[in-house]
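The values are calculated or read from the model by the stated rules, or taken from the named source; none is laboratory data. All values derive from a computational prediction rather than experimental measurement. Positions of Cβ are backbone-derived with ideal geometry, glycine not excepted, and every protein chain shown enters the neighbour counts.
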Amino acid sequence: MKTEELFKKRLERHHDELRWLYMELYNNGDMFAELCDKMRTFAVERDTDLLAMDKEREANPTWFRGNDMLGMMLYIDNFAGNLKGVKEKLSYLSSCNVNCIHLMPFLESPKGRSDGGYAVADFRKVQPELGKMEDLKDLARACHKKHINLCMDFVMNHTSEDHEWAKKAREGDGEYMSRYFFYDNPAIPTEYDRTVPQVFPTTAPGNFTYLDKMGYYVMTTFYPYQWDLNYKNPRVFNEMMYNFLYLANQGMDIIRIDAVPYIWKELGTQCRNLPQVHTIVRMMRMICEIVCPSVLLLGEVVMEPEKVVPYFGTVEKPECHMLYNVTTMATTWHSVASRDIRLLKKQMDIVNSLPKDYLFLNYLRCHDDIGWGLDYATLKDWGMREVEHKRFLNQYFTGKYEGSVSRGELYNDDPVTQDARFCGTTASMCGVESALERGDENSLSAAIRQDLMLHAYMLTQSGIPMLYSGDEIGQLNDASYKEDAAKKEDSRYLHRGKFKWDLASKKDKKGTLEERIFSGLAKLEQIRRSRDVFKSDAAVYTYDVKDDSILCILRENEKERFIAIFNFSDEAKTAWMEESGTYENLMTGEKLELVNLTVQGHDFVWASKIK
Ligand code: GLC
């Protein structure tokens, strides 16, 4: 079928619902007609290889749900200098078993006012030192040849203050001012501030920025140089969708919709997760299915589970294809510090009871800080109070708590709410850095064990595991950001250091730190990939082994029973259980009886029985 006809067919499938939602928000038939027209243009402009992929993936809609998916997120400059450099390093990524890479923001963004690239000045231009749009296309093609999927951010909540629209708005052009939120006096901003919480309470307090020369306030939920877009204006929605499709057409497989809960604002509300946000995401999903059906949407919803799950939409009206498993991530680190897995077990039970079509992206840490978004109501029942517990966690992970081996820094330490978040690499949080400082081999072994145990636990979960570049060789915190005026206020750069290729080369030398972590991970990944029991349709439960430090997870299908046991304590503990039959320890190949099994501190067991 010709592309044009295919487009018509795909449009027909969604037209009524798309029009309905569009008219509900904008009541503007002309703008809707323009949107459809442009969608047609983007559809026919897609490269032949992408068109072929669209058909292939449309015919196999579960293509991304396999147990072979493994992601890695990286900054282009930190990892390989520029886009061409990344292309040259693809075989390293393949050697990490990675088949999906998330390129951290790389579009044009002003120096020193970029929020790590999340303040986009031009959605159609690559940051010059990283390369050109053509290099991105070329990288996408090279990735596809190696069966690697490419993911990029679509920062849709705001633009940089240097974006062409922002510049025109600053000159007082009404048409462009209406694309943002402008107020000539503080009355409405003050009203908003009454109900809208702060994202960066210490590094960027408030939700508005006063523009001196202009005499106007502009809404800036994030940094003052990130101006919130006004999606009540259909011109904003349309133009941003054209940007989105333009980027999709460069060969993206996954588009991460950044900070999506924030995109709709309503006075008197928290301006998060409003119903109109879901209308927009649903429209984006349909637009994708009409123009570029091979592209997946990954929603960035860093919120509590009840807020996250609605972004999957419903079976008939899906929204995002995948979402971050953020509460599980934060709860994992709570368990590391407290050596108590009860809350993690509860969290896993919640996730495991969700429909199996919900696909989560599992991770231990990302480029952002770790916020302590835990289930405090439950912790309260167990005698832990929110403020005190957060203080404990922050003291623990900054290494100030007695017996803590973690190293890291606080992020947005808010004296008012006494809330602070946390930054550090996985290895530094697990104690690798402090063990190296002390030159203590036993502590180093324990730290490596903990690092691998946490990765094994991440890989045990259903969904797509996502590594952070450098964690595969146990890279440590990098404090050099403090010498860079543009970065020094933002401690997230502590765990966004340059990739150390000299250390990476040690991954092949037996006994080095890098080799111990890299080869341990490789083994886990290879086991995960080769067994159907890791597919997301397997039944997954937690298993009570009567010790609050031991998390036990059972995965099962018709052929295999897989049991994973993780000891979150630093001491040996016994998993009180009685399983019939003989299991195989998948890491060592040894036979194993799962009867009251003792697991050493910070260690884990992956055991399997073929039925
Ligand atoms: C997302 C990004 C974060 C950025 C923010 C604003 O949360 O992950 O790094 O600061 O959006 O765009």
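Residues checked against (1) at pLDDT below 95; (2) within 15 Å of the ligand (Cβ to nearest atom); (3) β-branched (Val, Ile, Thr):
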site: VAL309; (1), (2), (3): no, no, yes
site: TRP333; (1), (2), (3): no, no, no
site: LEU343; (1), (2), (3): no, no, no
site: GLN347; (1), (2), (3): no, no, no
site: PRO355; (1), (2), (3): yes, no, no
Among residues of segment 509-558, those that are farther than 26 Å from LYS573 by Cα, assigned to a loop (DSSP other than H, G, I, E, B) and among the β-branched types (Val, Ile, Thr), counted: 1
Every residue from segment 587-607 that is buried (at least 21 other Cβ atoms within 10 Å of the Cβ) and touching a residue at least 40 places away in the same chain (Cβ under 8 Å): VAL599, HIS602, PHE604, VAL605, TRP606, ALA607
Failed item, numbered, when ASN233 is tested on (1) surrounded by fewer than 19 Cβ atoms within 10 Å (Cβ to Cβ); (2) without any contact (Cβ under 8 Å) to a residue 24 or more places away in the chain: (2)
Segment 63-87: number of residues that are of a type in the set (S, T, N, Q) and within 18 Å of ILE473 (Cβ to Cβ): 1
Close pairs from segment 110-125: first farther than 12 Å from PHE154 by Cβ and in contact (Cβ under 8 Å) with a residue 60 or more places away in the chain, partner in a strand (DSSP E or B) and near the ligand (Cβ under 8 Å from one of its atoms), Cβ under 8 Å, at least 6 apart: ASP115/GLN226; ALA119/HIS158; ALA119/GLN226
Helices (runs of 4 or more DSSP H) contained entirely in segment 262-343, each with at least 2 residues that are among the hydrophobic types (A, V, I, L, M, F, W, C) and without any contact (Cβ under 8 Å) to a residue 40 or more places away in the chain: 275-291
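Results for (1) surrounded by fewer than 22 Cβ atoms within 10 Å (Cβ to Cβ); (2) polar (S, T, N, Q), shown as yes or no for each residue.
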| residue | (1), (2) |
| --- | --- |
| GLY71 | no, no |
| ILE76 | no, no |
| LYS84 | yes, no |
| SER95 | yes, yes |
| ASN99 | yes, yes |
| LEU107 | no, no |
| LYS111 | yes, no |
| GLY116 | yes, no |
Candidate set from segment 222-250 (those that are part of a loop (DSSP other than H, G, I, E, B) and touching a His at 6+ places or on another chain (Cβ under 7 Å)); member that is nearest to the ligand (Cβ to nearest atom): PHE222
Single unsatisfied condition, ALA166 versus (1) surrounded by fewer than 22 Cβ atoms within 10 Å (Cβ to Cβ); (2) at pLDDT 95 or above; (3) farther than 23 Å from GLU300 by Cα: (1)
From the options THR202, THR195, residue that is outside the structural domain of LEU25 (by TED's automatic domain parsing) and at pLDDT below 95: THR202
Test result for LEU452, more than 17 Å from the chain's Cα centre (by Cα), surrounded by fewer than 18 Cβ atoms within 10 Å (Cβ to Cβ) and in contact (Cβ under 8 Å) with a residue 12 or more places away in the chain: no
Residue among ASN249, ASN243 that is closer than 30 Å to ALA486 by Cβ, surrounded by fewer than 20 Cβ atoms within 10 Å (Cβ to Cβ) and in contact (Cβ under 8 Å) with a residue 12 or more places away in the chain: ASN243
Answer from LYS488, LYS498, LYS507 - the residue that is free of Cβ contacts under 8 Å to residues at least 40 places away in the same chain and surrounded by fewer than 19 Cβ atoms within 10 Å (Cβ to Cβ): LYS488
Near pairs, Cβ below 8 angstrom, 6+ apart or cross-chain, from segment 180-201 (in contact (Cβ under 8 Å) with a residue 40 or more places away in the chain) to any residue that is away from the ligand (no atom under 16 Å from the Cβ) and in a helix (DSSP H, G or I): TYR180/TRP165; TYR180/ALA169
Condition broken by ASN207, with the remaining ones in (1) more than 30 Å from GLU24 (Cα to Cα); (2) within 16 Å of the ligand (Cβ to nearest atom); (3) of a type outside the set (Asp, Glu) satisfied: (1)
Segment 373-422, subset within 16 Å of the ligand (Cβ to nearest atom) and among the aromatic types (Phe, Trp, Tyr), residue surrounded by the fewest Cβ atoms within 10 Å (Cβ to Cβ): TYR411
Unmet criterion (only one of (1) away from the ligand (no atom under 14 Å from the Cβ); (2) farther than 21 Å from MET152 by Cβ; (3) in contact with a Pro (Cβ under 9 Å, 6 or more places away or on another chain)) for MET303: (1)
Single unsatisfied condition, ASP30 versus (1) exposed (fewer than 14 other Cβ atoms within 10 Å of the Cβ); (2) more than 25 Å from ILE280 (Cα to Cα); (3) of a type in the set (Asp, Glu): (2)
Some residue of segment 421-430 being assigned to a loop (DSSP other than H, G, I, E, B), within 27 Å of ILE565 (Cβ to Cβ) and β-branched (Val, Ile, Thr): yes
Hits in segment 174-209 - residues which are farther than 18 Å from GLY268 by Cβ, assigned to a helix (DSSP H, G or I) and touching a strand residue (DSSP E or B) at 6+ places or on another chain (Cβ under 9 Å): MET177
Filter result for the condition that a residue is in a loop (DSSP other than H, G, I, E, B), more than 22 Å from the chain's Cα centre (by Cα) and of a type outside the set (D, E, K, R), over ALA435, ALA485, ALA447: ALA485
